[in-house]
1. Which one of these does residue 87 not meet: (1) of a type in the set (Val, Ile, Thr); (2) exposed (fewer than 14 other Cβ atoms within 10 Å of the Cβ); (3) under 30 Å from residue 207 (Cα atoms)?
2. Within the stretch 76-147, which strands (runs of 3 or more DSSP E) (wholly inside it) include 1 or more residues that are acidic (Asp, Glu)?
3. Return the residues of the stretch 257-281 that are in a strand (DSSP E or B) and among the basic types (Lys, Arg); say none if nothing qualifies.
4. List every residue pair whose Cβ atoms sit under 9 Å apart, with the two residues 6 or more apart in sequence or on different chains, where the first one lies in the stretch 227-255 and is free of Cβ contacts under 8 Å to residues at least 60 places away in the same chain and not assigned by TED's automatic domain parsing to the domain that holds residue 279 and the second, anywhere, is assigned to a loop (DSSP other than H, G, I, E, B) and surrounded by fewer than 18 Cβ atoms within 10 Å (Cβ to Cβ).
5. Out of 281, 295, which single residue is touching a residue at least 40 places away in the same chain (Cβ under 8 Å), under 15 Å from residue 266 (Cβ atoms), buried (at least 17 other Cβ atoms within 10 Å of the Cβ) and not assigned by TED's automatic domain parsing to the domain that holds residue 213?
6. Out of 181, 142, 192, report the one residue that is surrounded by fewer than 14 Cβ atoms within 10 Å (Cβ to Cβ) and either outside the structural domain of residue 279 (by TED's automatic domain parsing) or in contact with an Asp or Glu (Cβ under 9 Å, 6 or more places away or on another chain) (or both).
7. Inspect the stretch 176-186 for any residue being within 23 Å of residue 243 (Cβ to Cβ), in a strand (DSSP E or B) and in contact with a strand residue (DSSP E or B) (Cβ under 6 Å, 6 or more places away or on another chain) and give the result as yes or no.
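The values are calculated or read from the model by the stated rules, or taken from the named source; none is laboratory data. Predicted model only: the values in this text are computed from it and were never measured. Here the Cβ positions follow ideal geometry from the backbone for every residue, glycine too, while neighbour counts run over all protein chains shown.
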Amino acid sequence: MRFAVLTFALISVGSLALLWGCNDDEDEHFYDPYTQGGSGGGSGSGTGGGGGTTPDYSTPSAPTGLNCSNVGTSSAPRVQIRWNSSTNATGYYVYRSSSSSSGYQRLTSTSNTFAYDESPMTGTNYYRVSAYNSNGEGSQSSYTSVNIASSVQKPSAPTGLQIQNYGNNNLPDLRLSWNASTGATSYDIYHSTSSSSGYSKVNTVTTTSAGVPMPANGNNYYKVKAVNSAGESGFSSYVSYNYTVAYSPCNPTVTASISGSTCRLSWTFPSSSGCGRPTSVRVRAKVSDGNWTDVATLSGTATSYSFTCSNYFTSQGYLYVGIIGENAQGSGSTSKIYNRSTGTWY
């Protein structure tokens with residue numbers, strides 16, 4: 001009986017010792033999920049420790065499938081731009097240019113795969129799109145384009161064209177007049193010596209009447225076009241004036257000045273009875289061999305001209321210049337001489 005009691009006591013004491021030992025050796029026997037390895041991505045030496053997912057620092061690829069179209073009207077255009085979504089994109093930038101290869105400016109940004117250009121340019125609009133996310137903006141897509149025609153229409157050709165001479169047969173002063181064309185902002189005046197071809201522009205005005213240059217000898221034909229931002233209208237019907245040169249130009253009055261190496265000549269042809277108006281004016285100077293050469297040939301209405309004259313001085317320091325006015329009947333001329341040593345013209 002004593003033996004049985006003693007055995008029980010040893011077991012009880014051993015149990016206490018065992019319990020005390022577990023509490024004391026905490027580092028060796030307790031499991032800590034923050035320092036010990038385990039399944040998953042924790043650190044430590046346990047089974048399954050280490051590893052984890054590598055962060056993605058890439059930007060989205062360029063959108064594909066870009067296309068656009070005018071979903072508005074001709075007078076109020078509105079361009080819709082569409083594209084395919086890019087993986088990992090959180091938004092998109094839309095760019096526009098008037099050139100396919102350069103000059104793109106950011107138009108808008110959106111989180112959708114479509115956008116609108118509410119104010120497209122007249123002409124061809126080019127668009128590119130890029131995708132972005134928290135890592136930044138990716139490269140731009142290839143371009144798409146749409147042409148927006150101007151809503152402004154060309155004006156109709158002017159009507160009622162007339163010509164009147166406010167001068168005389170010897171010295172005509174011609175003026176054209178016509179009816180206004182709806183939508184026109186200006187008018188181009190054309191002249192030819194043939195009724196059917198060869199018209200060249202001689203003036204542009206914003207009124208419905210204008211003078212024209214001195215006519216050529218013979219038949220002169222005039223037409224007018226109306227103009228606005230959309231372009232020129234067709235020609236009006238023509239009017240004509242026949243000018244017969246009765247007299248050759250009389251000798252002009254010429255004044256001359258020199259500043260450094262530049263000469264300036266000014267002239268006036270007489271308009272008195274018996275003096276015709278020149279249809280062309282030649283500015284001349286003498287060269288070193290004593291012969292005259294043309295410096296410039298101007299229209300008959302020109303009244304002055306400046307040119308570099310330092311190369312035309314003779315070895316004695318003289319400069320010879322002149323003005324010749326010509327028409328179909330002949331010519332009139334005046335010369336001037338400059339003396340460098342005295343600084344005077346005569």
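1. (3)
2. 114-117, 136-140
3. Of everything in the stretch 257-281, just one residue is in a strand (DSSP E or B) and among the basic types (Lys, Arg), namely 264.
4. Going by the 9 Å Cβ cut-off, there are no qualifying pairs.
5. Numbers: 295 fails: touching a residue at least 40 places away in the same chain (Cβ under 8 Å).
Criteria check complete, one pass: 281.
6. None of the others qualify; the one that does is 142.
7. So far as the stretch 176-186 goes, yes, one or more of its residues are within 23 Å of residue 243 (Cβ to Cβ), in a strand (DSSP E or B) and in contact with a strand residue (DSSP E or B) (Cβ under 6 Å, 6 or more places away or on another chain).
Residues checked against (1) assigned to a loop (DSSP other than H, G, I, E, B); (2) touching a Lys or Arg at 6+ places or on another chain (Cβ under 9 Å); (3) farther than 30 Å from residue 345 by Cα:
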| site | (1), (2), (3) |
| --- | --- |
| 197 | yes, no, yes |
| 204 | no, no, yes |
| 219 | no, no, yes |
| 236 | yes, yes, yes |
| 251 | yes, no, no |
| 255 | no, yes, no |
| 284 | no, no, no |
